[in-house]
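The values are calculated or read from the model by the stated rules, or taken from the named source; none is laboratory data. Small disclaimer: the values here were computed from a predicted structure and weren't measured. No Cβ is skipped: glycine too gets one built from the backbone with ideal geometry, and neighbour counts run over all protein chains shown. Ligands, DNA and RNA are excluded from the accessible area calculation, which covers all protein heavy atoms including side chains. Shrake-Rupley method; radii C 1.70, N 1.55, O 1.52, S 1.80 Å.
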Protein chains: 2
Amino acid sequence: MQSNKPTVLASLLLFSQNAENYIQYVNPFVGTKNMGHTFPGSTRPFGMVQLSPETDTLSYAVDGKYNPKVYAYCSGYQFQDSTIVGFSHTHFSGTGHSDLGDFLVMPSIGELRLNPGTSTAPEKGYRSRYSHKNEHAEPNYYQVYLSDYNINAEFTSTTRVGFHRYTFPQSDSAHVLLDLMSGIYNYDEKNVWTFLRVENDSLITGYRQTQGWARTRTLYFAMQFSKKFKEYGHKKYDKQVYRGFWRKFDETKDFPEMAGRQIRAYFNFETHDDEQILIKFALSPTSTAAALKNLDTEIPHWDFDRIKKEGQDEWNSELSKIRVETITKSDKEIFYTALYHSFLSPIEYMDVEKTYAGLDGNTQYAEGFTNYTIFSLWDTYRALHPLFNLVQTKRNSDMMESLLAHFDQSVHPMLPVWSHYANENWCMIGYHSVSLLADAMVKNVLNPNSFQRALDASIKTANTTYYDGIGFYTQLGFVPDDKNDYSVSKTLEYAYDDWCIVQMADILKDTKASSNFGVRALSYQNVFNPVVVSMAPKLSNGKWRSDFDKLSTHGQGFIEGNAWNYSLYIPQNPQALVELFGGKKSFELHLDSLFSQHLDDHYFAQTEDITRDGIIGLYVHGNEPGHHIPYLYNWTDAPWKTQSRIRMILKTMYGNSSDGLCGNDDAGQMSAWYVFSALGFYPVSPGSENYSIGSPLMKSAVLSFENGKQLKITVHHQSEENVYIQWIQLNGKPINRLYLTHKELIDGGNLEFQMGKKPNKNLIKTN
Amino acid sequence: MQSNKPTVLASLLLFSQNAENYIQYVNPFVGTKNMGHTFPGSTRPFGMVQLSPETDTLSYAVDGKYNPKVYAYCSGYQFQDSTIVGFSHTHFSGTGHSDLGDFLVMPSIGELRLNPGTSTAPEKGYRSRYSHKNEHAEPNYYQVYLSDYNINAEFTSTTRVGFHRYTFPQSDSAHVLLDLMSGIYNYDEKNVWTFLRVENDSLITGYRQTQGWARTRTLYFAMQFSKKFKEYGHKKYDKQVYRGFWRKFDETKDFPEMAGRQIRAYFNFETHDDEQILIKFALSPTSTAAALKNLDTEIPHWDFDRIKKEGQDEWNSELSKIRVETITKSDKEIFYTALYHSFLSPIEYMDVEKTYAGLDGNTQYAEGFTNYTIFSLWDTYRALHPLFNLVQTKRNSDMMESLLAHFDQSVHPMLPVWSHYANENWCMIGYHSVSLLADAMVKNVLNPNSFQRALDASIKTANTTYYDGIGFYTQLGFVPDDKNDYSVSKTLEYAYDDWCIVQMADILKDTKASSNFGVRALSYQNVFNPVVVSMAPKLSNGKWRSDFDKLSTHGQGFIEGNAWNYSLYIPQNPQALVELFGGKKSFELHLDSLFSQHLDDHYFAQTEDITRDGIIGLYVHGNEPGHHIPYLYNWTDAPWKTQSRIRMILKTMYGNSSDGLCGNDDAGQMSAWYVFSALGFYPVSPGSENYSIGSPLMKSAVLSFENGKQLKITVHHQSEENVYIQWIQLNGKPINRLYLTHKELIDGGNLEFQMGKKPNKNLIKTN
């Protein structure tokens, strides 16, 4: 397969032809307040480095109990905080659990303090106060003034290297700290081992191995200072310390190897006023030697501004793949920030020489593809990867190869559930890799050579009977609630995933697989209880569970969504859903009631992932299981309710400031929902080539595809009030249905919407 | 450089020409009782695998305090014990500290017990009673009957693979345990991380990472059973357990990944009576993939007896490099056991594809050489590596390349002090790598391309001022006792090492280095106090330390030897030593008194390495600093006292049974002393090409060198009483001196000794 290069160059060329500065519309602070779990720091598109500040580093456990405060710090940064602990190199974007926060660096002056201090008494530790007035973030650039030290801190990055620029005051005791104990979702035993090696007077290498959300994860680094340090040292906080030095050395000072579980290191300098000390900090999944190679390859100079510019050009090139005009500037900011957040992960997870850590613990070589990690699939199969199938086709093809490589390395063997730095963290439910593979196969994004591999891996995954109730599911046709948690959610999602396998089998004319999984795909029928008109938990004896609260989100057979929302989850066949609910009118009324009911406060305590901010009635936009629901009116006689509902959600659930996300961005899924919906369509059934039509928020949009074609979307009579579609034309021909096909989009041309204040109940009939 | 193959083939050919079975004389139990610290298990010459039983696995610390009992278990086995805990794959031979004991395997039947139990109540754990009557050891083969389970256990090995054969009784609950918590010199925090992966129904891979004597050491494995297991599982003993499984799996049973700090796994079988289950267990320093490759390459079949025979042929080939005839069978057994113990370490430390773990933590490739580890240099520079320079020249050349590779990878940069599985454990004192390099250079064993590298690395090592008092030493000419431990021992050993550097510099005509280090080599003068006629601790102010007990071995400026012994340590210039002690007669009387004084018991409590067994007067044969001392009469007018003393030591300090070593074998040094001395000469000054003549114990010996030549030693009138040399002839010409040169030996020919009951005081004049 070809390398990334041509695509990037083509994109850059494209950008230079369309020289609008899109990065000005991106606000990296969006989602950093409350529970968006985004980070404001510097990163390249899908880059391995996310160099970003931590405003607190709380321990996961206090007195042996879970500390609920830590959930706010999934990405290390909370906008309302007033101190910064330091700047670390890895952050998830928008996840509902976390990890990472590797290699926290912090400059300081004066007395050397190696403990981080607390937010209420920052002066007792190395952290510093800061103010949003002296803080600035753009794609690939973050700046903050650390007022306790009179140090200005700036950051930019390449894919694998973080670039720090600290402007110091005059000081004879300036420090740069490297805290290897600091981490996100940290706890006492999380560090497995850490190692630092002072290679010479300005270069450090090392690694950290952790058991966190990943069972065991090792990340290597190389850290190059622009200035020689005067002296250095470390403190070790291990309970039992390595005893091997035979009293030969004072290990703590100017001794070039530091190893243990809990280490904080410092490097001392003398600085004159306004002196800048720069640090290039490279990561590697495989070795310190590879980290050094990554460092030397990606930043072979000390020109910070050049790296910043190259990164911003790259961002502009990515963002310009969808060029929109909006009614308000705020809409444009929300849109490009959403697009920015959609292009953060999965991340490239390999060295410049294409080596990476495999799931089997061995160093692997990414032959013919770019390897990616961070697949939060329960979230991202819905809209993020479908978005990539439109505007990141080369990358999504490589992501599919990464899933298949994971499968090959897995001992189970299974496709990823949640792929996490050479680990499977098994988070959430389903086997939604198959949705990604089916969608990429249906849309011809998957390499044809991988079609059969994809189907084989999918079938094996779906038949791993010891995984999460699959044994029961294949035996009984449903996951019994007395045998397995979240039984109904699992049954419904397995059924959808099985339908995805049917799509692949049909392409490959595998009639046996198509037939087998076709039957499995109907399993939603087995958990629909017509008596209560709801999906409901069923027991292994075939009886329905008696104590069942449709509103509860946990402990009732459902996960991160209650029965009201999950009952609407048959994305593979909304028509069948309508029938289960008694036909179109009855279903329409059911949807109406979903959006209008009140949910009591006590239900919010049940899951961290659902907050009042993200709720409309019982509909939960702040979490995934219902993201397709607003589009379901398209299967009733009132599709205009989808149109108004979509515009309402676009306007109320997203914003252009730090509180602009109503829930976790979930590795880009929330943002990808916005991008699709703002363009006017959404992939209700990934694995199908159809996009369900909503109501565009744009005045116009130009999508540039990697096949060289462009789709120009023009929205006539667009305004805040004109949320209803009057007519649709593609290349001048009317579209008398409520979906568009993938081929229609990627073949390019002109897509036109005519909007109005009132629904056109006649023009567009239901599909 | 050429590969090992031709040498091995040549050796095998040599063996087939001289078909005597030498392995019959080897008793692997020698040294397993008391403090010899040898192991009885199966290994190849210099093999990576030492597959041997543990008779106890005590914790290093009990209630936070050092447990003195653990010292006896440096190699895992104590002959007087009556239970066996299991069989692990790595063991040091004869070291005075320890580590290793990786991957303990134990078969059992009946109730599954995962704890090892205790020696007094073995039935409470998985260990078994055994009896020496049902136990047998040969080179590359060990067998024991486990009476608690009616299981016969047999072991053989290749360089990288241990081969187990268990003969079970009929049982529906037969088990094979794999205890990853078990280790030698173990303590609670030693395990850093462990991982097991059940690749299929009979193959396991994994690794263990420990912080023990090595700062952090990772060893990978692949474990192939000959029979599919019925079920498997593990128990985890971690304080905080990985939380990532989302209740999806019962991780403890039939789940193919097991990870954590403290894990014991089991594999269950049904067996019929006399059913054999075999296990191939391969090690790798770099990865599980490499371990699998090592396994498949070295044992591509299940023929246990073939591997045993191939290994024994290889041992015979190595042992036949010195073919001796002795007065008694017991002497022959002691000799070949000593030769066997001399050929156990350093061990090959690389995969079949030549990859190994570097000191910098990166995977390295051994370009053009075989990489070795376990260099216990304070011990082995004295006689073991000089022995290799005679009869293991290819290997010693590769060992020198291994030292230089270590230097290249070291951040300090320094040559090894104690090279330990990609770690430097800094054990003991000196920088004796330079002695090895000098000796190999002087004797033309070192690759000429490496001469300059060797000198450069040696000079850099000797000038690492922050290492162990070198800063003071280079400034003051001695290590001051108020600034650094073991000051006198260090000064004396540095002075000798510096003389070694002079030898290299002279070969390379580096007059500056020769002159600089020539001065440093005289530093022994700075710690000789003529008032007390002894080497003595000197303070940084130039005054002698006042509280000084010449008999004490610790805390007085000396390490593992008292002032009496260390005062005789100027190996680079015994002549100068004689003069310091007032001339030949005075020195001779001093030596006489050394061998005849009584040492009070309380001195033995001072160091674990010196026991009553290894003492003659004040002379300590059981530890190294005095190993050259019996030869020092050669520099007086009474060289015959060396002759009688050597014969006396050979007879009293070595035996052919389990208590046959009077102290730690120290990675082969004690045994190499025996081999040399039994042949009639000894390298008093490694780095010189001279061997000092003692008194041969053999009746005859044939040394086969890798240059194709042979040295035939014939000892006329040899008997127990005839310990005095009457005359010596080399190729028919009289040798009228007390040394032989390296060239004289390796050029081959006939060396003849004529022995007698009384000293010939006239024939041989002193040198």
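Conditions (1) under 28 Å from B:GLU744 (Cα atoms); (2) aromatic (Phe, Trp, Tyr), marked per residue:
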residue: B:SER433; (1), (2): yes, no
residue: B:LEU437; (1), (2): yes, no
residue: B:VAL445; (1), (2): yes, no
residue: B:SER450; (1), (2): yes, no
residue: B:THR461; (1), (2): no, no
residue: B:THR465; (1), (2): no, no
residue: B:SER489; (1), (2): no, no
residue: B:GLU493; (1), (2): no, no
residue: B:TYR496; (1), (2): yes, yes
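Which is among the polar types (S, T, N, Q), facing another protein chain (nearest Cβ under 10 Å) and assigned to a strand (DSSP E or B), of A:THR156, A:THR205?
A:THR205
Based on this model, can you work out whether A:THR297 counts as hydroxyl-bearing (Ser, Thr, Tyr), in contact (Cβ under 8 Å) with a residue 12 or more places away in the chain, away from every other protein chain (no Cβ under 14 Å) and open to solvent by less than 50 Å² (accessible area, probe 1.4 Å)?
no
Restricting the search to the stretch B:533-586, which residues are part of a loop (DSSP other than H, G, I, E, B), among the charged types (D, E, K, R) and in contact (Cβ under 8 Å) with a residue 40 or more places away in the chain?
B:ARG545, B:GLU560
For every residue, the table says whether it meets (1) free of Cβ contacts under 8 Å to residues at least 60 places away in the same chain; (2) surrounded by 24 or more Cβ atoms within 10 Å (Cβ to Cβ); (3) not β-branched (Val, Ile, Thr).
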residue: A:PRO346; (1), (2), (3): no, yes, yes
residue: A:GLY358; (1), (2), (3): no, no, yes
residue: A:PHE369; (1), (2), (3): no, no, yes
residue: A:THR393; (1), (2), (3): no, no, no
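If the requirement is being touching a Lys or Arg at 6+ places or on another chain (Cβ under 7 Å), hydroxyl-bearing (Ser, Thr, Tyr) and not in a helix (DSSP H, G or I), which of these qualifies: B:SER719, B:SER695, B:SER657?
B:SER695 is the lone residue from the list that is touching a Lys or Arg at 6+ places or on another chain (Cβ under 7 Å), hydroxyl-bearing (Ser, Thr, Tyr) and not in a helix (DSSP H, G or I).
Residues being part of a strand (DSSP E or B) and of a type outside the set (Gly, Ala, Ser): count how many of those fall in the stretch A:53-70.
Matching residues across the stretch A:53-70 total 5.
Pull out all pairs, ordered by first then second residue, where Cβ-Cβ is under 7 Å, the residues are six or more apart or on different chains, the first lies in the stretch A:461-473 and is at the interface with chain B (Cβ under 9 Å from one of its Cβ atoms), and the second is aliphatic (A, V, I, L, M).
Filtered contacts from the stretch A:461-473: A:TYR467/A:MET414; A:ASP468/A:ILE429; A:GLY469/A:VAL479.
Given the condition open to solvent by 10 Å² or more (accessible area, probe 1.4 Å), free of Cβ contacts under 8 Å to residues at least 24 places away in the same chain, over 27 Å from the mean Cα position of the chain (by Cα) and within 14 Å of chain A (Cβ to nearest Cβ), answer yes or no: does some residue in the stretch B:181-199 qualify?
No - not one qualifying residue is present in the stretch B:181-199.
When you go through B:TYR340, B:TYR336, B:TYR349 one by one, which is the residue that is within 25 Å of the chain's Cα centre (by Cα), away from every other protein chain (no Cβ under 14 Å), among the aromatic types (Phe, Trp, Tyr) and within 28 Å of A:ARG197 (Cβ to Cβ)?
B:TYR349
How many residues, within the stretch A:49-84, are over 18 Å from A:THR95 (Cα atoms) and at pLDDT 95 or above?
Selection size over the stretch A:49-84: 5.
In the stretch A:409-438, which residues are touching a residue at least 60 places away in the same chain (Cβ under 8 Å), closer than 10 Å to A:SER458 by Cα and part of a helix (DSSP H, G or I)?
Within the stretch A:409-438, A:VAL434, A:SER435, A:LEU437, A:ALA438 qualify.
Determine, yes or no, whether A:LEU539 is at pLDDT below 95, among the hydrophobic types (A, V, I, L, M, F, W, C) and open to solvent by 20 Å² or more (accessible area, probe 1.4 Å).
Considered against the rule, which asks whether it is at pLDDT below 95, among the hydrophobic types (A, V, I, L, M, F, W, C) and open to solvent by 20 Å² or more (accessible area, probe 1.4 Å), A:LEU539 comes out as no.
What do you reckon, is B:ARG160 basic (Lys, Arg) and more than 22 Å from the chain's Cα centre (by Cα)?
Spelling it out, it is not the case that B:ARG160 is basic (Lys, Arg) and more than 22 Å from the chain's Cα centre (by Cα).
Would you call A:TYR220 closer than 23 Å to A:TYR60 by Cβ, open to solvent by 30 Å² or more (accessible area, probe 1.4 Å) and either away from chain B (no Cβ under 12 Å) or in contact with a Ser or Thr (Cβ under 8 Å, 6 or more places away or on another chain) (or both)?
no
What residue, of B:SER226, B:SER284, B:SER317, is open to solvent by less than 20 Å² (accessible area, probe 1.4 Å), away from chain A (no Cβ under 14 Å), touching a Leu at 6+ places or on another chain (Cβ under 8 Å) and polar (S, T, N, Q)?
Among B:SER226, B:SER284, B:SER317, only B:SER317 is open to solvent by less than 20 Å² (accessible area, probe 1.4 Å), away from chain A (no Cβ under 14 Å), touching a Leu at 6+ places or on another chain (Cβ under 8 Å) and polar (S, T, N, Q).
So, A:ALA214, is that one hydrophobic (A, V, I, L, M, F, W, C) and either in a loop (DSSP other than H, G, I, E, B) or within 14 Å of another protein chain (Cβ to nearest Cβ) (or both) or not?
yes
If we scan the stretch B:235-248, do we find a residue that is within 13 Å of chain A (Cβ to nearest Cβ), assigned to a strand (DSSP E or B), under 38 Å from the mean Cα position of the chain (by Cα) and in contact (Cβ under 8 Å) with a residue 60 or more places away in the chain?
no
Give just the number: which of (1) at pLDDT 95 or above; (2) assigned to a loop (DSSP other than H, G, I, E, B); (3) in contact with a Phe, Trp or Tyr (Cβ under 6 Å, 6 or more places away or on another chain) does B:VAL144 not satisfy?
Just one mismatch for B:VAL144, condition (2).
If you scan the stretch B:429-442, which residues turn out to be surrounded by fewer than 24 Cβ atoms within 10 Å (Cβ to Cβ) and either within 24 Å of B:LEU219 (Cβ to Cβ) or away from chain A (no Cβ under 14 Å) (or both)?
Scanning the stretch B:429-442 gives a single hit, B:VAL442.
So which residues in the stretch B:226-260 are modelled with pLDDT under 95, in contact with a strand residue (DSSP E or B) (Cβ under 9 Å, 6 or more places away or on another chain) and basic (Lys, Arg)?
B:LYS236, B:LYS253
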